[in-house]
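Presented below is the structure to which this report refers.
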Amino acid sequence: MTDTGTEEKGTGNLFLQMVLTLQTSAMQHMGKIASPFTGKVERDMLSAKAAVDMLVMLQEKTGGNLSAAEKKILDQVVYELQMNYVDEANKPDPEKPADEPAADEPAPGDGEKKS
């Protein structure tokens, strides 16, 4: 037999680990932290947006099913990543010439139905 409290704590820890993994991935793709594989800081804004969008989706799909602490952490991570994404998206792409305009992309989670 398993203890329900232990099960909830275990799944809560797994949920937070998943959130933090996606956060790290998004920060890495935004060029905020170095790749653990290459040791280089690289930017891939499409991959960063995908990671943030996954967190926004989790936020929407888990509404009402998270503990107060889980909800607070997820909300803070999504907000922080969205602000960092906007900041990075407004910077020129280091691989493109300065006179070439940056791609206009909506911020992650923008334009999605909120309930």
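Here, each number is a calculation from the coordinates, and none is a lab measurement. Computed from a prediction, not measured in an experiment: that's the story for all the values here. Using ideal geometry, Cβ is built from the backbone for each residue, glycine included, and neighbour counts are taken over all protein chains shown.
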Under 5 Å between amide H atoms, partner at least 5 residues away or on a different chain: which partners does GLU42 have, H built in plane at 1.01 Å? GLY31, SER35
Integer Hz, Karplus 6.51/-1.76/1.60 couplings in order for the stretch 67-77, x for Gly and Pro: 5, 4, 5, 5, 4, 4, 5, 4, 4, 5, 5
Between THR11 and ASP53, 0.36 nm times their residue separation minus their Cα-Cα distance comes to what? 12.9 nm
Limiting things to C-alpha atoms, what are the Rg and the maximum Cα-Cα separation (Dmax) for the stretch 12-89, in angstroms? 12.7, 40
Percentage relative contact order, the stretch 12-89, counting C-alpha pairs under 8 Å, at least six apart: 32
Rounded to the nearest 0.05, what FRET efficiency do ASP93 and MET18 give with R0 = 25 Å and r taken as the Cβ-Cβ distance? Could you check? 0.30
